[in-house]
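The values are calculated or read from the model by the stated rules, or taken from the named source; none is laboratory data. Remember, it's a predicted structure, so these values are computed and weren't measured experimentally. No Cβ is skipped: glycine too gets one built from the backbone with ideal geometry, and neighbour counts run over all protein chains shown.
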Amino acid sequence: MEKKSCNCAGLHPQSMCPAFGGLRVLTRIDGVQVCMAADQGCLYGLTFVSHFYAARKSIVSTELMNVQISGGSMIDDLRRTIGEIAKDPSVRFIPVVSTCVAETAGIAEELLPRKVGNADVLLVRLPAFQIRTHPEAKDVAVATLLKRFGAFEAEKKPKSVVVLGEIFPVDAMAIGSVLQKIGVESVIILPGTALEDYIEAGQAEACAVLHPFYERTVSLLEGKGMKIVKGNPIGANGTAQWIRRIGEAMGLDQAAVEAVAAEESGKAKEMMARFSTMHGKVIVAGYEGNELPVVRLLLEAGLDVPYASTSIAETPLGEEDHKVLSMLGTEIRYRKYLEEDMDAVERYAPDLVIGTTSLDSFAKERGIPAIYYTNNISARPLFFAAGAATVLGMISGLLARKDAFRKMKEYFED
Ligand code: SF4
């Protein structure tokens, strides 16, 4: 593709501050109080988004202006702030989050306490110049937590699995019930809300990684001898394959696994058949890092998806989806720019865009229906038959009403 020239290329907001992904993981843990080592601009923005899109908790920070940074009192100030936070007996965990300010990104962990009073203290480094997107910051946060707290030296719990990926609560329940049916005895879903989950995760036999950006966490777990299961139960084919892979990795009863795989994929297939009359061209362009499995579902349901993009880089964990999508003719962009997405809207003239807010405005201005990926896809079930029903049901409704946008555009132009 010939890239469009743009005077401010690279300056358009492509994604939110990456540190937000890490804060979303950390602030949701019970008994946590984040202490941030960042400048006041970062603190203002991040405490705002954490309130609204994470756990409705404020972030505490030491005053960090030029005078503290250049005056050399930063570490003492941080230690004092941690001490103040730890006075609250309900605080069990104080992650110290360092961000882009060069001096805070380079804080030496040894200069911070490991425990103060009742609370464990852990440095989590989330500088945007190293971690490009918020999904990748989730991976960094989870890996840092597991490295410190995971009980890897303890005896393994038989038939136990860690499911890795932030998912809708109904999906977590559905995964638990399907895994129980095939003989799994313990399921821990990470990122979780209990510090104990991170401790116990170290004792699991296998890790089912649902999203392709958890590279650091997977490499840590693999290094500790845990079996890794790739893929996710999205669509009929993916569901059967995922259940079989878990059964194989954990040495479960083959007949029971096969029966559940056939039953669940059959239900998903049946559900997808209800949408067999649905047709249309859809562009998927999010920044959550889990877009490609969603595209796989749409393609399996018979939709045309000529273009898909994501904020993350291409990773070995996403290799299978990349191959399937490429084989079925979807043009894929990693580390995408808004300009590339806009160009795709013009080239492919889709019937529906599932995109970022900026791209959606661009599509709507052209009379094309557009919805926000994060609010509409990440906020509903995706897995098994129930997931297929909710996602395809929503898309089918939007495609059926696609002319409304064109009429609205014509009305206002007239
Ligand atoms: S300077 Fe870095 S940490 Fe601060 S808001 Fe910007 S990207 Fe986020």
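Could you grab me the full set of residues in region 261-285 that are in contact (Cβ under 8 Å) with a residue 12 or more places away in the chain and acidic (Asp, Glu)?
264, 270
From the list 336, 364, exactly one residue is outside the structural domain of residue 238 (by TED's automatic domain parsing), of a type outside the set (Gly, Ala, Ser), under 24 Å from residue 19 (Cβ atoms) and touching a residue at least 40 places away in the same chain (Cβ under 8 Å). Which is it?
None of the other options fit; the residue is 336.
Scan region 176-193 for residues that are crowded, with 18+ Cβ neighbours inside 10 Å and more than 17 Å from the chain's Cα centre (by Cα) and jot them down.
178, 179, 182, 184, 187
If we only count strands (runs of 3 or more DSSP E) wholly inside region 141-246, which ones have 1 or more residues that are without any contact (Cβ under 8 Å) to a residue 40 or more places away in the chain and within 28 Å of residue 322 (Cα to Cα)?
On the way: elements: 160-164, 186-190, 206-209, 227-229.
Answer list for region 141-246: 186-190, 227-229.
With the requirement that a residue be outside any helix (DSSP H, G or I), surrounded by 15 or more Cβ atoms within 10 Å (Cβ to Cβ) and either modelled with pLDDT under 85 or away from the ligand (no atom under 12 Å from the Cβ) (or both), what does region 36-59 give you?
38, 39, 54, 55, 57, 59
Quickly run through region 86-124 and pick out the residues that are more than 16 Å from the ligand (Cβ to nearest atom) and either part of a helix (DSSP H, G or I) or out of contact with any strand residue (DSSP E or B) (no Cβ under 8 Å at 6 or more places or on another chain) (or both).
86, 87, 88, 89, 90, 108, 109, 110, 111, 117, 118
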